[in-house]
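A short write-up of the structure that comes next.
The values are calculated or read from the model by the stated rules, or taken from the named source; none is laboratory data. Everything numeric here is computed off the predicted structure, so don't read it as measured data. Here the Cβ positions follow ideal geometry from the backbone for every residue, glycine too, while neighbour counts run over all protein chains shown.
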Amino acid sequence: MSASPQTATGPAPGANASGVDESAAEAARNKPIGTAEFRPSAIFSHDMVLQRGKPIVLFGTGTPGRPVVTVLSTADGSALIRRQSSRSITDSVSAIGSIAPDGTWMVTLPPLEAGGPYTLTISDRTSVTLKYFNVMVGEVWIASGQSNIEFELHNDRDADSAIAASDDPLLRFFNVPKFGVVDSELIAAENQSAWRASSPDSCSTMSAIAYYFARKLRRDLGPDVPVGIVDCYIGGTSITSWMSEHMLTATEAGRGYLDRYHQQIDGKTDQQFHDETDSWQCTFNAWNEQIAAAQAAVPDITWDVLNARYGECPWPPPVTPFSQYHVTGAFNAMVRRLAPFSTRGVLWYQGEEDEQRYASYRELLGCMIGEWRTLWSRRAGGDFSDSYDVGRIVADDAARGHGAEPIADTPAASVGNEAELPFIIVQLPRWIDQKEYNSGIDRMFWPHIREAQADAARIIPDVYLAVTFDTGEFNNIHPTDKRPVGERIALQAEAHVYGLPVHADGPAFVSLASAGETADELQVRFDNADGLHFGPWSGSDDVGHLPAVHSSESGETEPLWTVNRCDAAASGFEIAGSDGIYHRADARIEADTVVLHADAVSHPICARYGWFSWGPAPLFNAFGLPAAPFRIHK
């Protein structure tokens, strides 16, 4: 097997490695856990948020045959429960069942309107009765992926002000312990995990993106609608960490990941795995401590200086069957143990770790979404591995013409409860590291990942895309300003899931046509194009960007762009003829259309925007939302 370079994504800087911090452990001190004979899932604790408007699924494990009795009741009679279907008011709702032969149990309470606080009682009618207090019914979202959604609020650019203003008893979160294998350490960590209300004392370890997302929902859905976030992520993970072996085996792309995994672990002993991991962990911890100390001493120190002084990040870790990062690990130890906790949908921010295998990402992303949706529709006692169909991925090269990658058809179509688990995908922003930028060679990995993410939103029902192309930081794979990302995800949810009258989408490609007397121009028409204009983008003054002006042939200074015209050097657009060689294009706006021209292309037939790792991103609509990158053949 030939070695390939690895991108040092890794954990988010300063993130809690286990997912369990002192605040969570303190909140879990009185958490009702149960016994081996009767135990609810770890996601259930005091202060939890249950999903409104959907059946509320309660589940756990225990001795087969035991009864299960669940009651959600008002704490003191002051907050009556409203059923969603009949709008009837009651002081309690209940459900009963029994533990299945495979040792799992699942019961379902009826859909309810937002409200609380309530008390949830779960009992086996014999020796175990567990009571969970201060339970709310509201909106629940799962935040998942790798390091950029793992990036914690205390590291955000505006952390001090955000944390100081974070006191909100109806904004709550739960951090799923970060594990890649189910063992006694995971069980102990789950026992120390608990729901918490947002406050300056608790929220610093919450996902920054998820916090800003939840904060906006709290403001826009109404003051009486609680919002709960389930943080379920591990920095540095491949998408294949979040999929089952069954699904990976059933796909060509997945089999490649499994083969590479087994090539790295087969023939090694557990002692070898532990020795390799311990050695790497010491090196990694020492490097992190040096970086943290240097940044504390000189807050504006650059990564060039840090890397020159302390070396590159020692990433990736050794591949072992018990690491957080191995294929299928997070699926088995986190996702599968979380499902089917009732939730409105999933926020997904991932792709960096899979950049070099971008050709596989389109298929894997579609299959992962289908698998999660099926997992959230399962029932107690069912064999999950037999409950879904992988589906097939079909090619649609004609949609883009020459050089196009295949587009994934809807995977696992008509399987499970798909329409009830929306996915909002965060499209990767602009990014390039200093070395690659200095080399003048763009490996073009991220444009392909972005395209796969856009295809998922375009093709798969109930999948939406939060475009963040204008964000990102030069030479920093973990941008520190997470507020715009979280709020754009919230806009997607408000527009497409909740049906609120908000503008959530930026300019999106609609059609391509020839223009000009000699067909030497291309017209690109956009949807969501009200107030289409060129403007400054986030980080437009950073390293790697052009100045706002340039010198003309006459020697006079001229602007590179105005609101309706942009020179080739700053437009982000490129066009090509039949030879497929792209050239930067001048761009001018005419209503909902951008007209493109490049002197080097006499008869253009192809156009693309933002097809690079790092570069200008100047096209917006009137609502400040950026155009999504694309490529197209006429």
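Before moving on, here are some points about what is shown:
- When Thr480, Thr518 are screened for being of a type outside the set (D, E, K, R), in a loop (DSSP other than H, G, I, E, B) and over 28 Å from Arg219 (Cα atoms), only Thr518 passes.
- Taking residues in segment 113-127 that are over 17 Å from Thr74 (Cα atoms), and partners anywhere that are crowded, with 22+ Cβ neighbours inside 10 Å and not hydrophobic (A, V, I, L, M, F, W, C), the pairs with Cβ atoms closer than 8 Å and at least 6 places apart or on different chains are Asp124/Gly62.
- Some residue of segment 268-276 being out of contact with any Ser or Thr (no Cβ under 7 Å at 6 or more places or on another chain) and under 27 Å from Asn175 (Cβ atoms): yes
- Single residue of Arg66, Arg52 found to be buried (at least 22 other Cβ atoms within 10 Å of the Cβ) and of a type in the set (D, E, K, R): Arg52
- Hits in segment 249-293 - residues which are among the charged types (D, E, K, R) and either surrounded by 14 or more Cβ atoms within 10 Å (Cβ to Cβ) or under 28 Å from Ser360 (Cα atoms) (or both): Glu252, Arg255, Asp259, Arg260, Asp266, Lys268, Glu276
- Hits in segment 521-532 - residues which are assigned to a strand (DSSP E or B) and buried (at least 20 other Cβ atoms within 10 Å of the Cβ): Glu521, Leu522, Val524, Phe526
- Candidates Cys313, Cys367, filtered to the one that is part of a loop (DSSP other than H, G, I, E, B) and over 25 Å from Ala214 (Cβ atoms): Cys313
- Of all residues in segment 58-72, one or more are closer than 18 Å to Pro340 by Cα and in contact with an Asp or Glu (Cβ under 7 Å, 6 or more places away or on another chain).
- The requirement of being in contact (Cβ under 8 Å) with a residue 60 or more places away in the chain and part of a loop (DSSP other than H, G, I, E, B) is not satisfied by Val57.
- Among (1) free of Cβ contacts under 8 Å to residues at least 12 places away in the same chain; (2) loosely packed, with under 14 Cβ neighbours inside 10 Å; (3) within 21 Å of Ser147 (Cβ to Cβ) - the single one Val305 does not satisfy: (3)
- Residues of segment 431-487 that turn out to be among the acidic types (Asp, Glu) and on the phi > 0 side of the Ramachandran plot, as a count: 1
- Leading residue by the ranking (modelled with the lowest pLDDT) among those in segment 270-311 that are touching a helix residue (DSSP H, G or I) at 6+ places or on another chain (Cβ under 9 Å) and among the polar types (S, T, N, Q): Thr302
- Within segment 468-479, considering residues that are of a type outside the set (A, V, I, L, M, F, W, C) and touching a strand residue (DSSP E or B) at 6+ places or on another chain (Cβ under 7 Å), the one modelled with the highest pLDDT: Thr468
- For segment 577-601, residues that are closer than 20 Å to Ala529 by Cβ and of a type outside the set (S, T, N, Q) total 12.
Here is a yes/no grid of residues against (1) under 27 Å from Asp266 (Cα atoms); (2) modelled with pLDDT of 95 or more; (3) within 21 Å of the chain's Cα centre (by Cα); (4) in a helix (DSSP H, G or I):
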residue	(1), (2), (3), (4)
Val319	yes, no, no, no
Tyr325	yes, no, yes, no
Ala333	yes, yes, yes, yes
Glu355	yes, yes, yes, yes
Arg373	no, yes, yes, yes
Arg379	no, no, no, no
Arg392	no, no, no, no
Ala398	no, no, no, yes
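- Check on Gly14, surrounded by fewer than 22 Cβ atoms within 10 Å (Cβ to Cβ), over 30 Å from Ile477 (Cβ atoms), small (Gly, Ala, Ser) and in contact with a strand residue (DSSP E or B) (Cβ under 9 Å, 6 or more places away or on another chain): no
- Test: residue in segment 438-445 that is assigned to a loop (DSSP other than H, G, I, E, B), modelled with pLDDT under 95, in the same structural domain as Trp303 (by TED's automatic domain parsing) and among the acidic types (Asp, Glu): yes
So that you can scan it fast, the table gives a plain yes or no per residue for (1) in contact with a strand residue (DSSP E or B) (Cβ under 9 Å, 6 or more places away or on another chain); (2) surrounded by 23 or more Cβ atoms within 10 Å (Cβ to Cβ):
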position	(1), (2)
Asp158	no, no
Ala162	no, no
Arg196	yes, yes
Lys216	no, no
Asp220	no, no
Met243	no, yes
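- Any chance Ser45 is at negative phi, in the same structural domain as Arg172 (by TED's automatic domain parsing) and modelled with pLDDT under 95: no
- Of all residues making up segment 83-97, the number that are in contact (Cβ under 8 Å) with a residue 24 or more places away in the chain and either closer than 11 Å to Phe59 by Cβ or buried (at least 17 other Cβ atoms within 10 Å of the Cβ) (or both): 2
- Qualifying positions in segment 15-40 - among the β-branched types (Val, Ile, Thr) and not assigned by TED's automatic domain parsing to the domain that holds Val182: Val20
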